[in-house]
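Inspection log for the structure reproduced underneath, given as structure tokens.
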Amino acid sequence: MTTIFSARKIITMNPSNPEATHVAVRDGRILGAGSLQELEGWGQYTLDETFKDKVIMPGLVEGHSHAMEGTLWKYTYVGFFDRMDPHGKVWDGAGDIEAVITRLEEANGKIDDPDAPLPAWSLDPIYFNNERVSREQLDRVSTTRPIGIMHASGHILNVNSKALELAGLLKSGINNPGVPLGKDGLPTGELKGPDVMTPVGIHVGFDRDMLACDEEGLIDFAKLCVRSGVTTATDLAARLPEEAVNMMLEVTARKTFPARIVPLRYHHGVTPDELIKHATSLKKQSTDRLRLGKIKVVVDGSIQGFSARIRWPGYYNGAPNGLWYISPEHLRHIINASLEKDLHIHTHTNGDEATELVLDCMEEGLLKHPSRDHRFTLQHCQLADSAQFRRMAKLGMCINLFANHHFYWGDEHYNLTVGPERAKRMNACATAIESGVPMAIHSDAPITPLGPLFTAWCAINRLTASGRTQGEEEKIDIDEALYAITLGAAYTLKLDGEIGSIESGKRADFAILESDPEDTDPTKLKDIKVWGTVQDGRIFSAADL
Amino acid sequence: MPEQNKMPVTIIGGYLGSGKTTLVNHLLRNADGKRLAIMVNEFGELPIDADLIEAQDDDIISLSGGCVCCSYGNDLIMAMMDMAKMDPRPDHIVLEASGVALPGAIANSLSLLNDYSLDGIVVLTDVETIRERAGDKYMSDTVLRQLEDADIVLMNKADLVSDNISGDVSSWLAEKSPGAQIIKTERSVVHPTLMLQDFERQPVSGLGMKHHDAGQFNTELVVPDGPVDACQMANDLIENTPGLVRAKGFVKSINGTMQTIQIVGKRAEITPAPEGAEVGVITISVGG
């Protein structure tokens, strides 16, 4: 059974056949792209003209996201920017604290149980001139129901008095850098850092399973993929216990499930040897739509949380250096064993010192276990300098830069964390390409919204939220950006032979767009409407989800 | 929760290979009826004798004598909150921090949990490698911050180096861990009384009595003549008791209220005393 899809234009990303008007699909795979006449030679076919006015691109690939983006929409969205939920509803951004309160009051009115918590997410006081939300403001919404708002960064939680009271923290005498106190000596309700958030978080509905993705969350995440043109997405850090793997295997196998998910096994909580053993056994359970067996190692924290490890001269505001989340010994062990056993690692590094450590360990590991095509990928790697990019290229490493971060927190980095010069080199896409480092760009959803076209826009324009261009020299062009969100990301997942371009033999994974990104003003790229996707030859219209 | 009902937590810190796991096992084998709960990052390297293990599931190992060992993975605080619900409650929590963790930061986080009180921070060092670690390109500040956080520093593997080197390292540690008492150990062997507060069972019978326990530590009961300034007394004890590791007891303050003095290393804490407390402070010290 062959279907030939017609389109206004097909951008194939295949260098030997860059553009086409038709694509032929059989059994979920691409027979070929070209003119109708060229494709008719494959034999009997059905012509599908659903996309005759649309532009088809290869299905977009998100190389760094978390399926919990789907789960978070169970909570009330109070972010500054407009954002689309899995059901296609666009939530207006909350422009000031009053708007946040109003949104919470609406949500409060919809809960019958007077004791039930009210969890909300995606607050960011940067956009309110850094005015902090206080527990008194949240008490206006309710004094009897615990309320908590997770910040967009995921590193800070604001709660009301009831939540503090339930956690036994509405008291004076607290001496903890993560718990700012008001003039009355009581906590203001702001809680900074995961260890401080946890004891109160459980009372406001952010429980232990918040980060884990349940069945409904996974389905909702896949809907967001369709709405943003994504056909393959990573779930970049999961513990992957047996029951979660079984759930994911079952859900992704459904005929209606529209995306390919690549979950990576998180290094925390098990010994290096157990990690290698678990990843090896997961690899054997892989299916077409659930690619298992890769490893994620977290080396340091975040720059805006001052927990990233950065090299001299350190943080611009003088904050002490950040935290190591793994010892060099364990990192080395995991890298060596993975090279030896052909396991694929992605490392989270934010600060340039953490990146340096990974490069040192790789250099050493590759001497013992020369691997011609390991494609170990540095994730975020926001602060790398050009010397580090040259080393990455020599060591055969890939990079996945956090282009969206530059827009949301670029001003913060310029003013506070790393200062003007280093802020300009953050997420240095142009240097990566020039150095010959295979590159992808990402959203880290839910930290920023899933949407590779927006991510491409960020990398092309390098605007910050305040409207400044930060790092003119690191801008990339539209072709480079479109490559990064298709083949570039596929390459970092070792899937570039199967997906990332529209060419004979590959998976029939398409993003269906309402307009042509190659013929769009690059400052408008983020506004291109996505009709939906085709995944493994199956059509998913965003409007019908 | 009243202070005396809180579960005491001893945090064991120190870089990889400094002997933390050996110490934890040593404490378990010498628990002497105390029901310890051991919190470890992961089970991997904990060589608990098979005959001690009664049952094991994913995150918890039940041991004979009512002791347990739990792995906290990437969520220590959640694991500690679960531990608080355990019935019966453990007598003492021993928390083995990961080699790159900052024990002071862990203590800060635990201070927000009402079920626990910090007993002390013990940081282990390997005499042979500590100074090299402290100069490491990547780990230097982490190692030095661990030492700064310590109430007690164990100078482990002291038997493997000459007296000269041992002396050098000891003075260097005194500089880097200004708040800590330094104890030399071999293979992490140290009397549990020095690690875990255990004043209730100290055989102290009267004023000025000195008790020697196999040369490992001394206990002494100090009873002030009349009302004292508790802070001043704590500072005096810290400064004038050679080898002081711990002290705990009650004094009558100048305004007539009873107060608890508790000292670990060079850190003193003054809190209101429980009802019926009798005046007297027990000190535990090494050497001499």
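The values are calculated or read from the model by the stated rules, or taken from the named source; none is laboratory data. Just so you know, these numbers come straight off a predicted model, no measurement behind them. Cβ: placed from backbone, ideal geometry, glycine included. Neighbour counts: every protein chain shown. Calculation scope for accessible area: heavy atoms of the full protein, side chains included, ligands and nucleic acids excluded. Shrake-Rupley method; radii C 1.70, N 1.55, O 1.52, S 1.80 Å.
Can you say whether A:E518 is open to solvent by 20 Å² or more (accessible area, probe 1.4 Å), touching a residue at least 12 places away in the same chain (Cβ under 8 Å) and either closer than 15 Å to A:V55 by Cα or touching a Gly at 6+ places or on another chain (Cβ under 9 Å) (or both), as far as the supplied structure shows? Give the derivation first.
Details: open to solvent by 20 Å² or more (accessible area, probe 1.4 Å): yes; touching a residue at least 12 places away in the same chain (Cβ under 8 Å): yes; either closer than 15 Å to A:V55 by Cα or touching a Gly at 6+ places or on another chain (Cβ under 9 Å) (or both): yes.
Spelling it out, A:E518 is indeed open to solvent by 20 Å² or more (accessible area, probe 1.4 Å), touching a residue at least 12 places away in the same chain (Cβ under 8 Å) and either closer than 15 Å to A:V55 by Cα or touching a Gly at 6+ places or on another chain (Cβ under 9 Å) (or both).
Exactly one condition in (1) among the β-branched types (V, I, T); (2) open to solvent by less than 30 Å² (accessible area, probe 1.4 Å); (3) away from chain B (no Cβ under 14 Å) is false for A:T143; which is it?
(2)
Applying the selection to the range B:262-277, what residues are under 15 Å from B:P8 (Cα atoms) and either over 24 Å from the mean Cα position of the chain (by Cα) or open to solvent by less than 30 Å² (accessible area, probe 1.4 Å) (or both)?
B:I263, B:V264 - these are the residues of the range B:262-277 that are under 15 Å from B:P8 (Cα atoms) and either over 24 Å from the mean Cα position of the chain (by Cα) or open to solvent by less than 30 Å² (accessible area, probe 1.4 Å) (or both).
Using the structure shown, decide if A:H151 is away from chain B (no Cβ under 12 Å), closer than 23 Å to A:S307 by Cβ and out of contact with any strand residue (DSSP E or B) (no Cβ under 6 Å at 6 or more places or on another chain).
On the way: away from chain B (no Cβ under 12 Å): yes; closer than 23 Å to A:S307 by Cβ: yes; out of contact with any strand residue (DSSP E or B) (no Cβ under 6 Å at 6 or more places or on another chain): no.
The answer is no for A:H151.
Looking at the range A:1-17, I want the residues that are assigned to a loop (DSSP other than H, G, I, E, B) and have a partner that is open to solvent by 50 Å² or more (accessible area, probe 1.4 Å) and modelled with pLDDT under 95 with Cβ atoms under 7 Å, at least 6 apart or on another chain. Which pairs are those?
none
Has the range A:339-361 got any residue that is facing chain B (nearest Cβ under 10 Å), surrounded by fewer than 21 Cβ atoms within 10 Å (Cβ to Cβ) and modelled with pLDDT under 95?
no
Regarding the range A:195-202, can at least one residue be identified that is modelled with pLDDT of 95 or more, within 11 Å of chain B (Cβ to nearest Cβ) and part of a loop (DSSP other than H, G, I, E, B)?
no
Residue by residue through the range B:1-43, note down the ones that are within 13 Å of chain A (Cβ to nearest Cβ) and among the polar types (S, T, N, Q).
Scanning the range B:1-43 gives B:S18, B:T21, B:N41.
Among the candidates A:F128, A:F221, A:F206, single out the residue that is in the same structural domain as A:L450 (by TED's automatic domain parsing) and either crowded, with 18+ Cβ neighbours inside 10 Å or under 30 Å from the mean Cα position of the chain (by Cα) (or both). Give the steps one after another, and end with the answer.
Details: A:F128 fails: in the same structural domain as A:L450 (by TED's automatic domain parsing); A:F206 fails: in the same structural domain as A:L450 (by TED's automatic domain parsing).
Matching residue, one of A:F128, A:F221, A:F206: A:F221.
Can you name the residue in the range A:434-445 that is open to solvent by 10 Å² or more (accessible area, probe 1.4 Å) and not small (G, A, S) and is also farthest from A:D479 (Cα to Cα) among such residues? Give the steps one after another, and end with the answer.
Let us first name the residues in the range A:434-445 that are open to solvent by 10 Å² or more (accessible area, probe 1.4 Å), namely A:434-436, A:438-439, A:444.
Filter once more, keeping what is not small (G, A, S): A:434, A:438-439, A:444.
Details: A:E434: 14, A:P438: 14, A:M439: 13, A:D444: 22 Å.
Result: A:D444.
Select from the range B:44-57 the residues that are at the interface with chain A (Cβ under 8 Å from one of its Cβ atoms) and touching a strand residue (DSSP E or B) at 6+ places or on another chain (Cβ under 8 Å) and list them in ascending order.
none
Considering every residue within the range A:267-278, establish whether at least one is buried (at least 20 other Cβ atoms within 10 Å of the Cβ), away from chain B (no Cβ under 14 Å) and within 22 Å of the chain's Cα centre (by Cα).
Taking every residue of the range A:267-278 in turn, none turns out to be buried (at least 20 other Cβ atoms within 10 Å of the Cβ), away from chain B (no Cβ under 14 Å) and within 22 Å of the chain's Cα centre (by Cα).
When the range A:5-53 is examined, which residues are found to be crowded, with 22+ Cβ neighbours inside 10 Å and of a type in the set (V, I, T)?
Within the range A:5-53, A:I10, A:I11, A:T12, A:V23, A:V25, A:I30 meet the criteria.
Can you tell me which of A:T347, A:T256 is closer than 19 Å to A:C213 by Cβ and of a type in the set (S, T, N, Q)? Let's see the steps before the verdict.
Numbers: A:T347 fails: closer than 19 Å to A:C213 by Cβ.
Of A:T347, A:T256, the one residue that is closer than 19 Å to A:C213 by Cβ and of a type in the set (S, T, N, Q) is A:T256.
Which of the residues that make up the range A:76-125 are of a type in the set (G, A, S), crowded, with 16+ Cβ neighbours inside 10 Å and outside any loop (DSSP other than H, G, I, E, B)?
Within the range A:76-125, A:A107, A:A120, A:S122 meet the criteria.
If the Cβ limit is 7 Å and pairs must be 6+ apart or interchain, which residue in the range B:65-78 that is more than 14 Å from every other protein chain (Cβ to nearest Cβ) and part of a helix (DSSP H, G or I) pairs with which residue that is of a type outside the set (D, E) and buried (at least 19 other Cβ atoms within 10 Å of the Cβ)?
So the pair list comes out as B:G65/B:A31.
Counting only residues that are of a type in the set (D, E, K, R), within 14 Å of another protein chain (Cβ to nearest Cβ) and outside any helix (DSSP H, G or I), how many does the range A:287-334 have?
Taking the range A:287-334 as the starting set, the residues that turn out to be of a type in the set (D, E, K, R) are A:288-289, A:291, A:294, A:296, A:300, A:309, A:311, A:329, A:332.
Checking the rest, the ones that are also within 14 Å of another protein chain (Cβ to nearest Cβ) come to A:296, A:300, A:309, A:311, A:329, A:332.
Restricting the remaining residues to those that are outside any helix (DSSP H, G or I) gives A:296, A:300, A:309, A:311.
Count: 4.
Out of A:A445, A:A465, A:A511, A:A456, which single residue is under 26 Å from A:K89 (Cα atoms), under 21 Å from the mean Cα position of the chain (by Cα) and at pLDDT below 95? First the steps, then the outcome.
Working: A:A445 fails: at pLDDT below 95; A:A511 fails: at pLDDT below 95; A:A456 fails: at pLDDT below 95.
From the options A:A445, A:A465, A:A511, A:A456, the qualifying one is A:A465.
If you check A:L157 against the conditions, is it in contact with a Phe, Trp or Tyr (Cβ under 9 Å, 6 or more places away or on another chain), open to solvent by less than 20 Å² (accessible area, probe 1.4 Å) and not in a helix (DSSP H, G or I)? Break it down into steps so the answer makes sense when it comes.
Working: in contact with a Phe, Trp or Tyr (Cβ under 9 Å, 6 or more places away or on another chain): yes; open to solvent by less than 20 Å² (accessible area, probe 1.4 Å): yes; not in a helix (DSSP H, G or I): yes.
Judged against the criteria, A:L157 is a match.
Which residues, counting only those in the range A:466-482, are surrounded by fewer than 21 Cβ atoms within 10 Å (Cβ to Cβ), assigned to a loop (DSSP other than H, G, I, E, B) and polar (S, T, N, Q)?
Within the range A:466-482, just A:S466 meets the criteria.
Could you check B:I182 against (1) within 18 Å of B:G243 (Cβ to Cβ); (2) buried (at least 19 other Cβ atoms within 10 Å of the Cβ); (3) in contact (Cβ under 8 Å) with a residue 40 or more places away in the chain and say which number it fails?
The one condition B:I182 does not meet is (3).
Of the numbered conditions (1) aromatic (F, W, Y); (2) more than 30 Å from A:I156 (Cα to Cα); (3) at pLDDT below 95, A:F389 fails exactly one; give the number of that condition.
If we test A:F389 against (1) aromatic (F, W, Y); (2) more than 30 Å from A:I156 (Cα to Cα); (3) at pLDDT below 95, just (3) comes out false.
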